[in-house]
Structure formats: C-alpha cells, structure tokens
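Engineer: One structure is given below, represented as structure tokens, and several questions about it will come after.
The values are calculated or read from the model by the stated rules, or taken from the named source; none is laboratory data. On a predicted model such as this, the values are computed, not experimentally measured, just so you know. Please note: Cβ atoms are built from the backbone with ideal geometry, for glycine as well, and neighbour counts cover all protein chains shown. Areas reflect the complete protein model, heavy atoms only, side chains present, ligands, DNA and RNA absent. Shrake-Rupley method; radii C 1.70, N 1.55, O 1.52, S 1.80 Å.
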Amino acid sequence: MQIDIKQGNILETEADILIVNLFEGVTQPGGATGAVDKALDGQISQLIALGDCSGKLGDTTLLYTLGKLPAPRVLVVGLGEAHEFDGKNARIAAAKAIHAAKKAKARTVATIAHGAGIGGMNPIEAAQALVEATLLESYEMPAERSDEDKEPRVEKVTVVEFNGDHIPLLETGAQIGRIIAESAIFSRDLAATPSNIATPAYVANQAATMAEKVGLDIRIMEWGEMEALGMNILLAVAKGSDEPPKFVILEHNKDRAEELPTIVLVGKGVTFDTGGYSLKRSDGMWKMKYDMSGAANVLGILRAVALLDLPLHVVGLTPLVENMINGHAQKPGDVYKGMTGKTMEVISTDAEGRMILADALAYAGRYNPDAVIDQATLTGAISIALGQQAAGLFTEEDALKARLLAAAEATGERLWPMPMYDEYKDYIKSDFADVKNSTAPERGAGVSTSAKFLQHFIEDYPWAHLDIANMSWTNKAHPRPMYPPGAAAFGVRLLVQMLRDWNG
Ligand code: BES
Ligand code: MN
Ligand code: ZN
C-alpha cells in the first residue's frame, strides 16, 4: 500500500474518501473536521446534534459530499474522550477508519493524521500510529486460491497536513511506522505459511534472505553443532521429524557488543506441533503451524531493529524444529541432559516448546546479556486464564518487568504479570531427573509450572518469559483493531518499543 504525506488543504484533495475525526462530546468540530463541516453546510454538526455521529472511539459515520468537495465521500471517525487520547487510541481510530473505507470500496483515501492537530500529539508519533494501524489493519494472509476475489482494496492513502512545518516530522513518523508494521507483517506471513512450506529450513532461509537485505549478522547452526554443544533436550524434539532442525542466530551491532547493552531475544520455533506420541486431538491441530510465532516475532523484531539502527547489541535466537512422530521420536519417560548439564524427564512429548527453549535459553547465557526475553506459544492454559486480551508475563526482575509493562502500555500489546512462586517448583519435581516437562495428569497452574521449567535452565541473567499462545492467532469471530483474522505477530510492536526506549 502506498502512503504519501502531502502538504495541502484536505478540502481540495481528490480521493474516494476523505477521513476526518471527532472527539467525543464535541458539538462544533474545529480544525480539518470543522472545515469539512462548513464546506458541507454544517452536515457534520447536524449529525452530531442528531446523535448519529458520536465521536466514540472507533465509531465511523459516512457522508456524501454531493459535489461540494472533489471527494465524493467523507468518513468521520471517533477519537473518544479528548483527555484519554493517546497513541493507542490514535491507532484504534486509524484502524477502524481504514476498515470502514475498505468496506465502502474505496481505493484511494485522504486522511488527516489523527492527533497531530487538536489532539496535541507529536506529529512524529501521530504519523507512526497512523501508518502502523493502516498497514496492520489492511493485512491479508498469504493464500493459494485459484478464484482470486475481486473485492476492492485501499491502494493509496494520502496523509494531508496543512502546516508545512509538520511535514518532515510526519515523514519521519511514517517511515518508523512502516518499518515496524512491515516487520510485524514479515512475522505474520511466516506464521501463516503452511508447515509443508514453512519447515525449519525454510524459516532459516527466510531469515538469511532478510538478514542480508537489512544488514544483520547471521549464523545458522546445524544438527552437528547443536549436538557438540550438548543441546540434547532440543534435539530430542527434533529427532522425531525428517526435517532437520535449524538454530538461527541473528545479531545487530555484533562488532559493538562490548560497548552497547546486550539484549537477547529467544523465540519458540516449532514449525508444526502434532504433540508427538502425546498426540494432539485432531480438531484445531491445523493451527499448530503457528507454533513458530515466537521465532517469527524474533525475526521480525530483528528486522526492525536493524532498519531503525537502534544503538543496542541485539541478538535473536530461534530454535527451529518440527514436533512429529517417527521411529526415533522421543517418548514419555525419556530422560535427556541438555546444554547446562541439567536433566529433564519427558512426561508429555507435547510439552516440546519448553524443551527447545531450555537449550536455547542456556545458549543465550553465552552473550553475557543485560536481559533475555523469550516469546513462545507455550501453553493452552494461558488462553483459559486470559482469553485474547493480554499475553502472560513471567519474570522476577522488577526493572525488566517495568520496561515491558511500559512498552505494553504504549503499544496496546497488553501483558499481564503471572506468578512464579517458588512452590511451583515442587509441581515439576521428577523421580528420574532434575525436572519433568509436565505435571500431567495434574493440571493446576499449567502456565506457571511451564515458566518454572524454563527458569530451571536460566543461568545468571535477567530473564522474562512471554507466553503468547493466546495472542498469536486472531480468531475470525473476534478480530480486534489492527489484528485481522489469522497470524497476529503480537509482541513485535511491543518489543520494538521496549528496545527503542531501552537507553531512556
Ligand atoms: N503449542 C502448544 C501450546 C498451544 C496450545 C499453543 C494452543 C497455541 C494454542 C504447546 O506445545 C503445548 O502443546 N502445550 C501443552 C503443554 C502440556 C502438555 C503440559 C498444553 O498447553 O496443553
Ligand atoms: Mn505441544
Ligand atoms: Zn507447541
């Protein structure tokens, strides 16, 4: 989608639809909305008086200009209460507006940058919010269909700004917004690609192509190297599949590792999760192609970090495996010793995510990191706890927790802190190894015990775990603004924000 910033008067702009906005409770619109209202002989103020245009956050009202403006239609989008307005609401409004414009079959749209005028927002942030929301809301998953549908799509958005001083700021914000949105889309495309295509090797190749384009260092570890490192817990999962595992290591500012803060991001990369011999039930199993959403996010985040050239040493680690069944596959009761030298007992081969993360998190320690954050579609239980409203946050590091919660607040990618009580360690005690990977048949505290399992393999660095299993795939029945049905890349905007804010 083409998005241009243009200095000019929105009244004179040609487009299928003009988008303006309105705060809740305003009866006489000002700014660009006021100008449009005047040009339409007070139509907007009349709709407000009638209660047909409320200004409620995300509400849209479509009206016709009947030759009074070059554009045939105007869409008024609500910004909600002025005192509650922020980047989150600017994104929701922009997403709802572009959604309504598409529904009205517009191909070209002209809009003002919500919040940059009366909203009092910094034009850089306003443009970033607008571009992110527009691109993410317009996302459609890759599909192989022979009957291409002919539904019109918005092809061009022109952001019109009257004040010439704001133009360079809007340009900057738009560029940041595009980098972040396209990085999330990179992640979404990978997560949505069926697993017959998106094998560990495919994902590693995509990572390599991307790394080359944006200038990241990349190294891909093969079986032999992982074996030499003692990653036997990770390989226990991999050996059940004919697809060879890959371990991708991406680095931004590798040559400045000594002088810059080092943040390591780890992402669960199970390209398909059948459950193994602890086989999953078949309904819904197809979705397990997105069990590499954590890894896809890490690749997307590293892409953004490189393009934004953040002054940090950022390392991305993605263990990539397929959880399958064959004659070599791991079995319940097996015991494996991983890279840290600690052992684990397999209770469920379906608790494979924590297994590959155990060795990936052990490897993360090699970078002497200031923080390690992993993202994983780890448990079904997190959905039971939180639904599709927030990802689970597990950490005992107050400073890191504060950074993550601040980024969650700024981006609207919510995190909810979950407990990591010491007592949960008892739940994963094993009779045959240091820990066991599942509490089955006990089911209590399934999320906290999974985090406790991971913590067992953490050595001496600040660590946080994000369980994104509930947030990584948007159900058709419950799309949210900016998250159309399908792969969500939830966590990309969040962590890019945290990294952009890292140095204060
Ligand atoms: N990939 C699943 C978790 C999952 C479930 C993600 C639903 C997205 C949607 C994970 O590997 C898994 O199977 N977890 C088990 C753990 C259990 C065996 C301890 C689960 O949640 O049932
Ligand atoms: Mn599983
Ligand atoms: Zn899994």
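Engineer: Testing residue 79 on (1) under 30 Å from the mean Cα position of the chain (by Cα); (2) open to solvent by 50 Å² or more (accessible area, probe 1.4 Å), one condition comes back false. Which one is that?
Structural biologist: With (1) under 30 Å from the mean Cα position of the chain (by Cα); (2) open to solvent by 50 Å² or more (accessible area, probe 1.4 Å) applied to residue 79, the lone miss is (2).
Engineer: Tell me which residues, restricted to the range 68-95, are among the aliphatic types (A, V, I, L, M) and farther than 15 Å from residue 120 by Cα.
Structural biologist: Passing the criteria: 69, 71, 74, 75, 76, 77, 92, 93, 94, 95.
Engineer: Looking at this structure, is residue 337 basic (Lys, Arg), open to solvent by 30 Å² or more (accessible area, probe 1.4 Å) and within 16 Å of ligand 2 (Cβ to nearest atom)?
Structural biologist: no
Engineer: If a residue has to be buried (at least 23 other Cβ atoms within 10 Å of the Cβ) and hydroxyl-bearing (Ser, Thr, Tyr) to count, how many in the range 465-482 make the cut?
Structural biologist: The number of residues fulfilling the criteria is 1.
Engineer: Checking the condition in contact with a Phe, Trp or Tyr (Cβ under 7 Å, 6 or more places away or on another chain), among the hydrophobic types (A, V, I, L, M, F, W, C) and in contact (Cβ under 8 Å) with a residue 60 or more places away in the chain, which residue from 185, 249, 180 passes?
Structural biologist: So the residue among 185, 249, 180 that is in contact with a Phe, Trp or Tyr (Cβ under 7 Å, 6 or more places away or on another chain), among the hydrophobic types (A, V, I, L, M, F, W, C) and in contact (Cβ under 8 Å) with a residue 60 or more places away in the chain is 185.
Engineer: While we're looking at this one, here's another question. So residue 341 ticks every box in (1) more than 12 Å from ligand 1 (Cβ to nearest atom); (2) closer than 21 Å to residue 219 by Cβ but one. Which box is left unticked?
Structural biologist: The one condition residue 341 does not meet is (2).
Engineer: Further question: Within the range 448-459, count every residue that is open to solvent by 10 Å² or more (accessible area, probe 1.4 Å) and modelled with pLDDT of 95 or more.
Structural biologist: Number satisfying all stated conditions: 3.
Engineer: When you check residue 20 against the structure, is it in contact with a Leu (Cβ under 6 Å, 6 or more places away or on another chain), in contact (Cβ under 8 Å) with a residue 12 or more places away in the chain and not in a helix (DSSP H, G or I), yes or no?
Structural biologist: No: the conditions fail for residue 20.
Engineer: Can you name the residue in the range 247-291 that is in contact with a Gly (Cβ under 9 Å, 6 or more places away or on another chain), among the hydrophobic types (A, V, I, L, M, F, W, C) and over 20 Å from residue 231 (Cα atoms) and, of all such residues, is nearest to ligand 3 (Cβ to nearest atom)?
Structural biologist: Once the filter is applied, the top-ranked residue is 288.
Engineer: When only residues in the range 340-353 that are within 12 Å of ligand 3 (Cβ to nearest atom) and assigned to a loop (DSSP other than H, G, I, E, B) count, which is most open to solvent (accessible area, probe 1.4 Å)?
Structural biologist: 350
Engineer: Give the residue, chosen from 39, 35, that is at pLDDT 95 or above and in contact with a Lys or Arg (Cβ under 6 Å, 6 or more places away or on another chain).
Structural biologist: The match here is 39.
Engineer: Sticking with this one: What is the number of the single condition among (1) within 29 Å of residue 177 (Cα to Cα); (2) within 16 Å of ligand 2 (Cβ to nearest atom); (3) polar (S, T, N, Q) that residue 383 does not meet?
Structural biologist: (1)
Engineer: Something else about it: Condition first: basic (Lys, Arg), crowded, with 24+ Cβ neighbours inside 10 Å and on the phi < 0 side of the Ramachandran plot. Can you find one or more residues in the range 242-260 that meet it?
Structural biologist: Yes, the range 242-260 has at least one match.
Engineer: Give the residue that is farthest from ligand 2 (Cβ to nearest atom), with candidates limited to residues of the range 268-295 that are open to solvent by 20 Å² or more (accessible area, probe 1.4 Å) and of a type in the set (Gly, Ala, Ser).
Structural biologist: Taking the candidates together, the pick is 282.
Engineer: Another question, then. So, in the range 81-112, how many residues would count as being among the small types (Gly, Ala, Ser), touching a residue at least 60 places away in the same chain (Cβ under 8 Å) and farther than 21 Å from residue 414 by Cβ?
Structural biologist: Matching residues across the range 81-112 total 5.
Engineer: Then there's this: Among the residues of the range 354-369, which ones are within 13 Å of ligand 1 (Cβ to nearest atom) and open to solvent by 10 Å² or more (accessible area, probe 1.4 Å)?
Structural biologist: 354
Engineer: Return the residues of the range 298-334 that are open to solvent by 10 Å² or more (accessible area, probe 1.4 Å) and part of a loop (DSSP other than H, G, I, E, B); say none if nothing qualifies.
Structural biologist: Across the range 298-334, the qualifying residues are 309, 310, 311, 324, 325, 326, 327, 328, 331, 332, 333, 334.
Engineer: Another question about this same structure. Pull out all pairs, ordered by first then second residue, where Cβ-Cβ is under 8 Å, the residues are six or more apart or on different chains, the first lies in the range 273-286 and is more than 11 Å from ligand 1 (Cβ to nearest atom), and the second is in a loop (DSSP other than H, G, I, E, B).
Structural biologist: Correct list of pairs: 277/325; 277/329; 277/330; 277/331; 277/332; 277/349.
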